[in-house]
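Below is one structure, written out as C-alpha cells; the observations come after it.
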Amino acid sequence: MTRQAFLARLREGLRGLPPQSVADIVADYEAHFTDGEAAGRSEAEVAAALGDPDRLAREIRAESTMTRWREERSPSSAAAAVFAVLGLGAIDILILLPILMGVAGAIIGLAVAVIVCFFAGAFVFAAGPFTDPPGGPITAVLSGIGIMAGSASGGALLTIVSIGLMNALVWYGRLHYRLLKPALEPQA
C-alpha cells in the first residue's frame, strides 16, 4: 500500500472527528512514513508495519471518545465511548473469534495426531521384532524409531507455532488494553 492510499483510508476512517485532530493524527502517520523512508524502508513496508488503516481509525476514534468522556463526563460522551469500544470489540468477535476457534481446533487435532503417532511408533518399535514383519526385525525397530522421531519433530514444530500464535494474541490484547487502560486506572 502506498503512503497516499494509507493516509486517504485513515482520513476517511477519521471522518467526523474535529478537523484539527484529524490533521494532527494524519501528520503523525505521515512522519512514520518519512522516518521509515529515511531508514531505507519502502512505503509498502511502512504501511504493513503500521497495520490496517481502517482498524487504526476505529481504534483512534474509540480512544478519542474515551478521552472525550474523561474530560466531559456527560451522558452523551459516555454513550459514545461505550458504543465505540463495543463496536471495536464486536468486529473482533465477529471476525477474530471464528478464526481463533478454527486455529485452536486445528492445533488440538494436530497435537492429538502427534501423540498417537508417537505411541504407534513406540508400539512398532517394541512389538515389531516379535511379529515377524516384512523386512525383518531390524526394519521394524528402525521404522518405529523413525515414526517416533517424526512425531517428536512434529510436536516441536507445533509447539513453536503455538508459542508464536500466543505471542500474537498477547500483542493484540495489549493494543486493546492500551485503549482501555485510562478507564481502568483509578483517578487521582
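Just so it is clear, none of the values below were taken in a lab; they were calculated from the coordinates. Since this is a predicted model, take the numbers as computed values, not measurements. Cβ placement follows ideal geometry from the backbone for every residue including glycine, while neighbour counts extend to all protein chains displayed.
For the range 19-38, which residues satisfy the criterion of being among the hydrophobic types (A, V, I, L, M, F, W, C) and under 26 Å from the mean Cα position of the chain (by Cα)?
Those that are among the hydrophobic types (A, V, I, L, M, F, W, C) and under 26 Å from the mean Cα position of the chain (by Cα): I25, V26, A31, F33.
Please state which one of P129, P134 is out of contact with any helix residue (DSSP H, G or I) (no Cβ under 8 Å at 6 or more places or on another chain) and of a type outside the set (A, V, I, L, M).
P134
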